[in-house]
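Quick notes on the structure that follows.
The values are calculated or read from the model by the stated rules, or taken from the named source; none is laboratory data. The structure displayed is predicted, hence computed values, not measured ones. All Cβ positions, even for glycine, are placed from backbone atoms using ideal geometry, and neighbour counts span all protein chains on display. Note: areas computed on protein heavy atoms with side chains; ligands, DNA, RNA excluded. Shrake-Rupley method; radii C 1.70, N 1.55, O 1.52, S 1.80 Å.
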Amino acid sequence: GVTRLLLTRIPFFKEIIVSSFACESCSWSNTEIQSAGCIQEQGVRYTLSITSRQDMNREVVKTDCATARIPELDFEIPAFSQKGVLTTIEGIIDRAVAGLEQDQPVRRTTDQEVASKIDEFIGKLKQLKEVHSPFTFIIDDPSGNSFVENPRAPQKDDALVVTHYRRSPQQAAMLGLEGEELSEKPDDAAEDLRNEVLQFNTNCPECNAPANTNMKLVQIPHFKEVIIMATNCDSCGHRTNEVKSGGAIEPQGTRITLRITDPSDMTRDILKSETCSVEIPELEFELGMGALGGKFTTLEGLLKDIRDLVERNPFTLGDSSTPSRTGKLQEFIGKLQEIIEGKAKAHLILDDPAGNSYLQNVYAPEEDPELRVERYERSFEQNEDLGLNDMKTEGYESEEASGR
């Protein structure tokens, strides 16, 4: 047979290698994908509630290190048991059925009982494709390079929950990543960092050429201290920046609501942490936690980043797009552009469970009539996402001493 390789670039997934094999003798063919880009900073977990046959047609990018699970059947496709693939939910189930049926003739002759149990389970998998009852499909990818289609994009999909998380040491070792040892700093090191721009060597995320990343501690007025990191590549001109909170997680979450009524609102400074979600009710749009990372920019800059993110949706470009979906996307981008240009009024909601996001009050220290800041108690699920449920900050010293 003949194997063809294509190095291509898909938005959100960096670069990938598409491998296609075809045999002229038996007409057997196969396609696989492998990531040719870098591993993402965070892992990703997609939880999809499947309630209709249409959900089975959602396109899925599943890398070879991703785990697919169906809790209702206690069924799991382990990591590295299948090659990376661009398919649908139904296609993943079909591949699982084909894998289970592969050795069934041998099992029927050697162990009839095991073969009958596997036949029964295969029947349950095939029934799932008819969606007689709802079930849950979960893809967990520590590399962060898997993806599940949102057919309602750019609107929020209530059936799909996307969770970004930090990899455990075991997951990092599975991906071949080495753990970084943190060097201890003296107590007065933080004071020196405030007056100094640190620079360290890295590689450009676009062309992989050597580049420098600058890091600086900055105090935001009427808020707190943040860390700004910026990378400039002299080879390809790529520029990126990211902001992380320099303080601890706040005791309560923060929900900031701004009523955009004037073009001057676009100049407000905004700090969006990586744990913050963004919502625009008038457009029925919601940007989840982890998307776009941490940013310190203006309101106009944030909205433009959202516009660019929506425009690069891989399922609305090229052969994957449909006229209706492309029309909805263009309509959404048009309404968003009207807000950016100050021609339309809207509300912007920043919801940060960690309380580390900020939107400038132009009337400070007086109250801003268009800005409302609410504090709320985090739910158990939000504390779980932030890793606070298993964190003990009081009394641990005495327990450690008694354990010795």
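When the residues of the stretch 17-29 are narrowed to those that are part of a strand (DSSP E or B) and either of a type in the set (D, E, K, R) or at pLDDT 80 or above (or both), which ends up surrounded by the fewest Cβ atoms within 10 Å (Cβ to Cβ)?
That would be SER29.
Evaluate the following for LEU73: is it open to solvent by 30 Å² or more (accessible area, probe 1.4 Å), of a type outside the set (Val, Ile, Thr) and closer than 26 Å to ALA153 by Cα?
No, not satisfied.
Any idea which residue in the stretch 119-139 is surrounded by the fewest Cβ atoms within 10 Å (Cβ to Cβ), counting only those that are assigned to a loop (DSSP other than H, G, I, E, B) and of a type in the set (D, E, K, R)?
GLU130
Look at the stretch 320-357 and say how many of its residues are among the acidic types (Asp, Glu), in contact (Cβ under 8 Å) with a residue 40 or more places away in the chain and surrounded by fewer than 19 Cβ atoms within 10 Å (Cβ to Cβ).
Count: 1.
Check LYS328, LYS272, LYS343 and return the single one that is within 23 Å of GLN252 (Cα to Cα) and among the basic types (Lys, Arg).
Sole residue among the options that is within 23 Å of GLN252 (Cα to Cα) and among the basic types (Lys, Arg): LYS272.
Taking the stretch 140-162, which residues are among the β-branched types (Val, Ile, Thr) and open to solvent by less than 30 Å² (accessible area, probe 1.4 Å)?
Within the stretch 140-162, just VAL148 meets the criteria.
So, in the stretch 76-90, exactly how many residues are part of a loop (DSSP other than H, G, I, E, B), more than 30 Å from THR275 (Cβ to Cβ) and open to solvent by less than 20 Å² (accessible area, probe 1.4 Å)?
Of the residues in the stretch 76-90, 0 are part of a loop (DSSP other than H, G, I, E, B), more than 30 Å from THR275 (Cβ to Cβ) and open to solvent by less than 20 Å² (accessible area, probe 1.4 Å).
In this structure, is ILE93 surrounded by 20 or more Cβ atoms within 10 Å (Cβ to Cβ) and touching a strand residue (DSSP E or B) at 6+ places or on another chain (Cβ under 7 Å)?
No: the conditions fail for ILE93.
Suppose we filter the stretch 100-118 for residues that are open to solvent by less than 60 Å² (accessible area, probe 1.4 Å) and in contact (Cβ under 8 Å) with a residue 12 or more places away in the chain; how many remain?
The qualifying residues number 3.
Take the conditions touching a Pro at 6+ places or on another chain (Cβ under 6 Å) and within 25 Å of PHE121 (Cα to Cα) and apply them to THR51. Does it pass?
Answer is yes for this residue.
Please note which strands (runs of 3 or more DSSP E) are completely contained in the stretch 215-307 and include at least 3 residues that are open to solvent by less than 50 Å² (accessible area, probe 1.4 Å).
225-232, 239-245, 253-260, 269-272, 277-280, 295-298
I'm trying to understand the selection: among the residues of the stretch 46-66, which are open to solvent by 30 Å² or more (accessible area, probe 1.4 Å) and within 22 Å of the chain's Cα centre (by Cα)?
THR47, SER49, ASN57, GLU59, ASP64
Could you look through the stretch 235-276, keep only residues that are over 25 Å from the mean Cα position of the chain (by Cα) and among the polar types (S, T, N, Q), and pick out the one that is nearest to GLY290 (Cα to Cα)?
THR267
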